[in-house]
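The values are calculated or read from the model by the stated rules, or taken from the named source; none is laboratory data. In this text, all values refer to a predicted model and were calculated from it rather than measured experimentally. When we count neighbours, we look across all protein chains shown, and the Cβ atoms used for this are built from the backbone with ideal geometry, even at glycine. Surface accessibility is based on the protein's heavy atoms, side chains included, excluding ligands, DNA and RNA. Shrake-Rupley method; radii C 1.70, N 1.55, O 1.52, S 1.80 Å.
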Amino acid sequence: NSGSSATINVVGSTSVQPVAEKLSETYKASHPDVKINVQGGGSGVGIKSVAEGTSDIGTSSKSLKADEKKGLTEYTLGQDGIVVAINTKNAASDLTKDQLKDIFSGKITNWKEIGGSDASINLITREEGSGTLDAFEKLVMGDDKIKSSAIVQSSTEAVKQSVKQDPNAIGFVSFAAMSDDVKAIKVGGVSPSEETIADGTYELQRPFLFLVKGEAKGEVKAFIDWVMGTEGSKILADEKIIKAKK
Amino acid sequence: MNINKIIPPKIAQKIMNGLFIASGLLTILILILVLGYVLVKGLPVVNLEFLLADPIDSGRAGGIFPMIISSIYVTAIAGIIATPLGIGAAIYIVEYANANRAVRLIRFGAEILASIPSIVYGLFGLAFFVVFLQFNWSVLSGGLILAIMALPTIFQVSEVTLSSIPSSYREGSYGLGASKWQTIYRVVVPAAIPGIVTGIILGMTRAISEAAAVMFSVGSALQTPISIFDPGRPLPLHLYTLATEGISLDNAYGTAAVLVIIVLVITIGTNLIVDRYQRKMTGG
Amino acid sequence: MQKNNFTEFLIEKGLFLTAIFSIIMILIIILFILIEGFPAIQEYGFLNFIFGMNWAPSEGEFGVFPMIIGSICVTLLSLLMAVPLSLLCAIFMAEVAPNNVKKFLKPTIETLSGIPSVVYGFFGLIVLVPIMRETFGGTGFSMFTASLILTVMVLPTIISISQDALKAVPNEYREASLGLGATSWQTIKNIIFPAALPGIITAIILGMGRAIGETLAVIMVAGNVALVPNSIFSPLRTLTSNIALEIGYATGIHHNALFGTAIVLFLIIIILLLVANYMQHKYKIDAGSGYL
Amino acid sequence: MNRIEVKDLNVYFGDAHILKNINTEIPKNTVTALIGPSGCGKSTFLRTINRMNDLIPSFRKEGDIILDEEDIYSPKYDVASLRKKVGMVFQKPNPFPKSIFENVAYGLKVHGIDDKDFLHQQVEESLKAAALWGEVEDKLDNSAMSLSGGQQQRLCIARTIANNPEVILMDEPCSALDPISTTKIEDLIHKLKNDYTIIIVTHNMQQATRVSKYTSFFLNGEIIESNLTDKLFIEPKVKKTEEYITGRFG
Amino acid sequence: MNRIEVKDLNVYFGDAHILKNINTEIPKNTVTALIGPSGCGKSTFLRTINRMNDLIPSFRKEGDIILDEEDIYSPKYDVASLRKKVGMVFQKPNPFPKSIFENVAYGLKVHGIDDKDFLHQQVEESLKAAALWGEVEDKLDNSAMSLSGGQQQRLCIARTIANNPEVILMDEPCSALDPISTTKIEDLIHKLKNDYTIIIVTHNMQQATRVSKYTSFFLNGEIIESNLTDKLFIEPKVKKTEEYITGRFG
Ligand SMILES: Nc1ncnc2c1ncn2[C@@H]1O[C@H](COP(=O)(O)OP(=O)(O)OP(=O)(O)O)[C@@H](O)[C@H]1O
Ligand SMILES: Nc1ncnc2c1ncn2[C@@H]1O[C@H](COP(=O)(O)OP(=O)(O)OP(=O)(O)O)[C@@H](O)[C@H]1O
Ligand SMILES: [Mg+2]
Ligand SMILES: [Mg+2]
Ligand SMILES: O=P([O-])([O-])[O-]
């Protein structure tokens, strides 16, 4: 059904979903004849469905692997920061990337080793394949693996709630979804903010992507052009999706 | 029976009564805790605007009207399809089938259907209804998935109830020259109504509260579905997105509260009707 | 008459179609799962898949053994808690409670099954997990926490269906037993419960189906650690959680492996159902075939 | 003329041989009484005539039952129309869990009659014939399950005759009735016998003599003696019959 | 001495006033017969004495029933022991869906007896007393549901007396029985009456005169007349009673 009617199906990443919805809401106001359905499912579903042609635009919250890229055109909406979050009662506040790596790989197991009280560290990670985890692993863990006994949560909010409830927990969440009921840790002295993400000094970040099979055409192209244009960029900025400076 | 000698019947009765009442109270406590949790957290955001407005900003503001309509759509489709299929199959098994192996196979099939995880239904729905049958992301696809999910509950509960109907009712009817089908729909099914309704309620409450199974098939669209081929976003799915992506926990609870109230109204209403019906039939 | 018989014939065949509908659906679903899941099992090896201890898709490791244990443990533990509580409560409602309590209790309990799993998940995450952590130590995410949530989730199914089965037992039996001076507990135990047993077992099987199939709520409170749990307070991952957690991102062999998980789940469900059916068969009472 | 002919009938429930070599004829427009000790197979015999035993899985029969020259067990015989033609009052009253009115109207409705006035009139007439009208006319909408034992029995009689059968099988229709109601039911039987063929099971010898023209004596699944009622009771041919009807039996 | 005293008893089912101002006494170790037309409240009266009507939600009563000087409806009265003491044979035979043996042994087992030999002996004795032994001794393990109507009725009698009650309520215990079985049950009643208090509902006037010492005549929920059976049947005081027992009623 792609292209033939004035309906655009946007399918994929649940992290991108709210932004995509906001975009389609505004776009439809000025283009009443176009219908845009935003459907979640996850980045994998987005990549798969756009490759199979069942959706017009696939969305992803992580960069694609080489074999996934085949035949797809990527449009980067912007960067989302990954914030390492701890409980507001926790005294720790600044960690280096190496410390983070040691914490998540299980070499550091007690908060007192890194400036907190004497309590063991409860690790909260994300599920295999999540865009957030993908970025965190690439940027922090390097060749090390996250300790296999770490608690796995399947969504940004669930990680936030887990950290909010447990004074000894540590996890990582999307910058766009950050709020002050948990505490953001400085990484290597840099605290996450729109500026530090934009200029790349805050290193933990991942892209939000729109994917199209082949070249974008017709209504789909019009929509993507609009998204990448000034009006779209303004909305993306409101949603804390940050355009990289370089 | 030996237990009688160790614990006299009267004491046993007292102990068991204690246990019954304790478990009744425990269940009530759980009820109050869970329902109370949802209502206390959710009711503050529920007002007329919340019920009747479209969501704004992915649901951070505005209301949940399209979700209510979507929920009605998918649940109705599920009910319209699963109820006759479930009851029909139960009738066939209890009243017609006598080949024992086929019966056991069908029963076993229903039990398996009842145990399949909703997420697998979700994936199956995507592959089968959305892609293969070309129903696209629509309330129809979602409703069909929910129908398959609700089917085994309706079937199994109806089957048990139908087989507990005394055969003297059937004999009375056959004795008057009623055909098999007349006997079934005039005597046997009416006598089994209370149980069948329990099955339908349980099947439908499962359908109306399901998110994972429709996640990949209903479309998640924020606008109100008009035809069954339009995409929609049933309440549980909206709630799921609001809650897990950290969009608005308050509105998530509000959505949950609305859903709970809808279900509560439906179950209480149906139970009252069934109760009155049953008393009229049996003269209790 | 001729026409009448023809109608009857049509009705019978129509009902037959509805009856085999679930079989057809099952076959389609199984086929779908097999097609999607088979490549992974073939590539990774059936035994490696089932008995492998390590699940690490990024490294091409697909062992589901810890999840098999997780699913079975969580299901059994929750049934262990839910079945006695629900049956006692069903008896309470059918035989003991005053009329107005019954009238209020049944619909509200049924409403419990209309609360979305996500809500149970959040309830567990925000209310139950901290309590568990403070009471039993650890992270609070555990088999026990997940089982508690599942217990609450399957209560309505088991209670409502068993309660109906109990109520359907003809009053004559009750009167006959009470008339002999049996206490109401003796009447329940010796007469009513056995007569309602087929319905009660159906209730338990449906409850079991719900427990083993539940996903979203379990994900939020079980911890999802893919290791064999060593106590009921350890976190664990179930087969269904495994699918739900990763299916949104999985592509290629990883995607197939998740469907392989579903195949394993199917096998477990079939084994559990066979056991349940065997027990149902074994304890079925012979009600005779009398007519008077 | 014979309405029903039974030839070499043998009935089994599983291994138990319940009816043994039954050969008998039921003449048209008369009342035939079946007597015999409890458990001898009277109900089984009645239930074989309207194929009610078909519902019991372990049931098996040999021999034939011919109704109006047709074998009722032949595969092409329509069972529903058989049962419409051959009405039955069961031994244990088995009202439907419906209102009193619906119970009596049931047979008519099933056979396609839905004219309200006609239904009401038929229900009233049948209940009057079964001597129940006076007790229930104000509560036709109440559940039949709340009637007393004897009232339920009369309701089942009304339900059967409302359906206008040609043959009526009555399995102890007066067992739960007081003498006055019994008399009324017997009057009903007398009235019906001009147009209907009636088979009645009774334990009451006086009743058998009062209502029936023929009587068959069952014992252990066999018909020991069949004769005109007057003859059978006054000069029984078989010793066992005599012993039974004089109460010196066993 | 009086075993049971009934004082100003009124019974309602919902709005229906079923028993009206019943005042009567049931003397010890005698047989009292209750007679009256169908639907007059006899079963309801019996079921009020062993509190079986408690199971019917719409049941409501006023007045007192005193058994051995105790009010059986007082909150602290133990209902189970009341029903053990006051056994009942129901109007409609209601065997359990269990084996014949289990049916009869049920009461004993419930009261803690599990000695196998003793159970067997009791079951045999009770079945013999109820004149059923001969017919079922080879199939004690068969389901009680496969018995004939009269056999089920005798089974229920056996089940009740196996339980050794002190008071026995019998609601038309012989309605489905042939004359010979009836005689045997009447013999049983004669034997029991020396040690037990028996109340029997019967539609059979002869039976009432044969077995009972006292008779009460019920009509429309009221006791019209109570007297020694001989007196009541020979010279009834009330016109209605006379009309009823002579069959000229209504
Ligand atoms: N559960 C009930 N609800 C309402 N009315 C009832 C109920 N049970 C009995 N009745 C009514 O109470 C009256 C007395 O009933 P009962 O069973 O005591 O009569 P009975 O004297 O035993 O009659 P029978 O000889 O026919 O058994 C009847 O008119 C009957 O319709
Ligand atoms: N479903 C059954 N399975 C096995 N045996 C049965 C079944 N139904 C009846 N019987 C047996 O068949 C015999 C005849 O039963 P039937 O009901 O015909 O007796 P009946 O003459 O009507 O006796 P009653 O006067 O007591 O009603 C009995 O011995 C009974 O135990
Ligand atoms: Mg019989
Ligand atoms: Mg009565
Ligand atoms: O849904 P995701 O953005 O986590 O892929």
Completion exercise
Selection from the range E:12-46 of residues within 16 Å of ligand 4 (Cβ to nearest atom), among the small types (Gly, Ala, Ser) and outside any strand (DSSP E or B) yields E:GLY36, E:SER38, E:GLY39, E:GLY41, E:SER43
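A quick yes/no check of all residues on (1) among the acidic types (Asp, Glu); (2) more than 18 Å from C:VAL74 (Cα to Cα); (3) touching a residue at least 40 places away in the same chain (Cβ under 8 Å):
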| residue | (1), (2), (3) |
| --- | --- |
| C:MET143 | no, no, yes |
| C:THR151 | no, no, yes |
| C:ILE158 | no, no, yes |
| C:ILE161 | no, yes, yes |
| C:LYS167 | no, yes, yes |
| C:GLU172 | yes, yes, no |
| C:ALA176 | no, yes, no |
| C:GLY181 | no, yes, no |
| C:ILE191 | no, yes, no |
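Taking the condition within 17 Å of the chain's Cα centre (by Cα) and on the phi < 0 side of the Ramachandran plot, does E:LYS231 pass?
Details: within 17 Å of the chain's Cα centre (by Cα): no; on the phi < 0 side of the Ramachandran plot: yes.
So E:LYS231 does not fit the description; no.
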Exercise for the section: Of all residues in the range D:185-220, count the ones that are within 14 Å of D:ILE26 (Cβ to Cβ) and among the aliphatic types (A, V, I, L, M). Expected result: 4
Handout entry: Of residues in the range C:160-201 being within 21 Å of the chain's Cα centre (by Cα) and within 7 Å of another protein chain (Cβ to nearest Cβ), the one modelled with the lowest pLDDT
Key = C:PRO198
Practice task
Working carefully through the options C:PHE123, C:PHE141, find the one that is part of a loop (DSSP other than H, G, I, E, B) and modelled with pLDDT of 90 or more.
Solution key: C:PHE141
Problem - Residue match in the range C:246-263 (condition: closer than 30 Å to C:ILE109 by Cβ, more than 7 Å from every other protein chain (Cβ to nearest Cβ) and within 18 Å of the chain's Cα centre (by Cα)) - result: no
Completion exercise
Of the residues in the range C:84-122, those that are within 7 Å of another protein chain (Cβ to nearest Cβ), open to solvent by 20 Å² or more (accessible area, probe 1.4 Å) and closer than 30 Å to C:PHE141 by Cβ number 2
Completion exercise
Matching residues in the range C:264-282 (away from every other protein chain (no Cβ under 11 Å) and open to solvent by less than 20 Å² (accessible area, probe 1.4 Å)) number 1
Exercise for the section: Please state which of the following conditions D:SER74 fails to meet, knowing it meets all the rest: (1) out of contact with any helix residue (DSSP H, G or I) (no Cβ under 7 Å at 6 or more places or on another chain); (2) under 30 Å from E:LEU177 (Cβ atoms). Expected result: (2)
Handout entry: helices (runs of 4 or more DSSP H) lying entirely in the range D:78-136 (those with 2 or more residues that are within 13 Å of chain B (Cβ to nearest Cβ) and farther than 11 Å from D:LEU155 by Cα)
Key = D:79-85, D:100-110
Exercise for the section: Report, ordered by the first and then the second residue, all pairs with beta carbons closer than 8 Å, sequence separation of six or more or different chains, a first member in the range B:156-178 that is under 20 Å from B:ALA90 (Cα atoms) and of a type in the set (Lys, Arg), and a second member that is open to solvent by 20 Å² or more (accessible area, probe 1.4 Å) and modelled with pLDDT under 90. Expected result: B:ARG170/D:LEU55
Handout entry: Residues (of a type in the set (Lys, Arg) and within 16 Å of the chain's Cα centre (by Cα)) located in the range E:114-162
Key = E:ARG154, E:ARG159
Exercise for the section: Return yes or no: is C:GLY37 modelled with pLDDT of 85 or more, within 11 Å of chain B (Cβ to nearest Cβ) and not in a helix (DSSP H, G or I)? Expected result: no
Exercise for the section: Test A:GLU128 against the stated conditions and say whether it is surrounded by fewer than 24 Cβ atoms within 10 Å (Cβ to Cβ), assigned to a helix (DSSP H, G or I) and of a type in the set (Asp, Glu). Expected result: no
Completion exercise
Considering the range C:232-255, residues that are assigned to a loop (DSSP other than H, G, I, E, B) and free of Cβ contacts under 8 Å to residues at least 24 places away in the same chain, and then whichever is nearest to A:LYS62 (Cα to Cα), we arrive at C:TYR249
Practice task
Can you confirm whether the range B:63-78 contains a residue that is in contact (Cβ under 8 Å) with a residue 60 or more places away in the chain, at positive phi and within 11 Å of another protein chain (Cβ to nearest Cβ)?
Solution key: no
Exercise for the section: Please work out which one of (1) part of a strand (DSSP E or B); (2) more than 14 Å from ligand 5 (Cβ to nearest atom); (3) open to solvent by less than 10 Å² (accessible area, probe 1.4 Å); (4) within 18 Å of A:PRO207 (Cα to Cα) is the condition A:GLY58 fails and give its number. Expected result: (2)
Exercise for the section: Taking only the range E:157-181 into account, find how many residues are surrounded by fewer than 24 Cβ atoms within 10 Å (Cβ to Cβ) and part of a helix (DSSP H, G or I). Expected result: 3
Exercise for the section: Filter the range D:63-73 for residues that are among the β-branched types (Val, Ile, Thr) and assigned to a strand (DSSP E or B) and give the result. Expected result: D:ILE65, D:ILE66
Fill in the blank from the handout: Taking the range A:76-93 and keeping only residues that are open to solvent by 50 Å² or more (accessible area, probe 1.4 Å) and at pLDDT 90 or above, one is left with A:THR76, A:THR88, A:LYS89
Exercise for the section: Find the residue count for the range A:172-231, including only residues that are touching a residue at least 24 places away in the same chain (Cβ under 8 Å), β-branched (Val, Ile, Thr) and over 22 Å from A:VAL159 (Cβ atoms). Expected result: 4
Exercise for the section: Return yes or no: is B:ARG104 of a type in the set (D, E, K, R), away from chain C (no Cβ under 12 Å) and surrounded by fewer than 16 Cβ atoms within 10 Å (Cβ to Cβ)? Expected result: no
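For every residue, the table says whether it meets (1) part of a strand (DSSP E or B); (2) within 15 Å of ligand 2 (Cβ to nearest atom); (3) open to solvent by 40 Å² or more (accessible area, probe 1.4 Å).
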site: D:ASN10; (1), (2), (3): yes, yes, no
site: D:THR48; (1), (2), (3): no, yes, no
site: D:LYS61; (1), (2), (3): yes, yes, yes
site: D:PRO75; (1), (2), (3): no, no, yes
